[in-house]
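Here the structure comes first, spelled out in structure tokens, and everything after it is commentary.
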Amino acid sequence: MSTSKTKDKYQIAVIPGDGIGKEVMDATILILDELDIDFDYVYGEAGDECGKKTGTPLPEKTLNIIRNADACLFGAAGETAADVIVKIRQEMKMYANLRPIKSYPNTNALFDDVDFMIVRENTEGLYIADKEELTEDGAIAKRVITKKAEERIIDYAFNYAKENNKSKVTAVHKANVLKKSDGLFRQIFYDVAEKYPDIEAEDFYVDATAMYLITQPQKFEVIVTTNLFGDILSDEGAGLVGGLGLIPSANIGEDGALFEPVHGSAPDIAGEGKANPIAMMLSAIMMLRYLNENEAAEKFEAAILKVLNDGETLTGDLGGSSSTIEVAEAIKNNL
Ligand code: ATP
């Protein structure tokens, strides 16, 4: 994930959304403001609260803010998440969903040496609402695999591997059962792999992958997979490295890029100042790398690492008792 775009000033769409989305966004902006980069934040509304207030969870005004920005930071949407985030992904043709799975110290990670990227296809597969229908007997969901979309995501994964010094890409599918759709996916994977002779290409069934993620996660560097499998495996990955409070994500597309934590609005802890801001902060770090602001990204990540290593200022999900803002202040002091 990179771009040659480095500007004097960036316009950033900021959509805090619902629940803890607002809290982790405030904490993240506190750090971004310390990085000596000129950000022009344009705030937009979306989510449950926005729906109640304006009659729609994703007003056209918010979509325009995202369209006009260099990148978008998104907090969380509650019940309306599907109407908000899925729609933004479609509108902005965000075809690649990136979810890094990395273990950090002083977390509940099952291993201390996990570091891989899940590259998930974001536009087709089983997740297309208009391909699902009720029938007389029950319901049918169609799984759509197109050559164009799969080639694009597989090429993205290999290119990501090349640019980030990774030596291997693993395709995950179920081609022994879904012979036509995943058979095609696997064939396209090996066709695209020929363009990248320096990168090893291997493939696993999704069920075996679910097991390897728990038994030998170190074997993965970059996983590329279809929409539903990518969604499930990335939550498994979150559990592997200590929970939702630590997992960022990026949605990259032809017309824009959006960065958001994998967690939702967490209504159970919203408004209490207990949310871990690190997933949102790591999402902002992915944005910095997308904008080619690599030095700032490293500085920000090093400060997070320092706070995690110290282990003194942690939120409840990591066994500490610090508040969202206390964690943000500690990270700020370590920049
Ligand atoms: P939504 O409906 O918005 O997806 P949810 O509660 O179903 O909300 P998540 O928001 O993903 O799903 O949260 C799942 C659980 O993980 C919740 O119990 C929440 O308290 C916890 N959690 C999620 N994110 C964080 C965070 N950043 N810090 C601490 N705990 C978190």
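The values are calculated or read from the model by the stated rules, or taken from the named source; none is laboratory data. What you see is a predicted model; the values in this text were computed from it and never measured. Cβ: placed from backbone, ideal geometry, glycine included. Neighbour counts: every protein chain shown. Remember, those area values only see protein heavy atoms, side chains included, never the ligands or the DNA or RNA. Shrake-Rupley method; radii C 1.70, N 1.55, O 1.52, S 1.80 Å.
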In the range 74-94, what count of residues is obtained for those that are more than 15 Å from the ligand (Cβ to nearest atom), under 15 Å from the mean Cα position of the chain (by Cα) and not in a helix (DSSP H, G or I)? 1
Listed by range, strands (runs of 3 or more DSSP E) wholly within the range 128-190 having at least 3 residues that are under 21 Å from LEU233 (Cα atoms) and open to solvent by less than 40 Å² (accessible area, probe 1.4 Å) are 168-173
Right, ALA69: more than 18 Å from GLY253 (Cα to Cα) and surrounded by 15 or more Cβ atoms within 10 Å (Cβ to Cβ) or not? no
Out of LYS168, LYS195, LYS180, which single residue is under 24 Å from ASN251 (Cα atoms) and either modelled with pLDDT of 95 or more or within 20 Å of the chain's Cα centre (by Cα) (or both)? LYS168
If we ask which residues in the range 115-127 are buried (at least 20 other Cβ atoms within 10 Å of the Cβ) and closer than 25 Å to ASN165 by Cα, their number turns out to be 7
Among the residues of the range 204-230, the number that are open to solvent by 40 Å² or more (accessible area, probe 1.4 Å) and under 14 Å from VAL119 (Cβ atoms) is 1
Of all residues in the range 17-54, count the ones that are in contact (Cβ under 8 Å) with a residue 60 or more places away in the chain and assigned to a strand (DSSP E or B). 1
I need a count of the residues in the range 294-335 that are part of a loop (DSSP other than H, G, I, E, B) and either exposed (fewer than 13 other Cβ atoms within 10 Å of the Cβ) or among the hydrophobic types (A, V, I, L, M, F, W, C) (or both). 5
Against the condition more than 16 Å from the ligand (Cβ to nearest atom), of a type outside the set (A, V, I, L, M, F, W, C), modelled with pLDDT of 95 or more and crowded, with 20+ Cβ neighbours inside 10 Å, how does GLY17 come out, does it pass? no
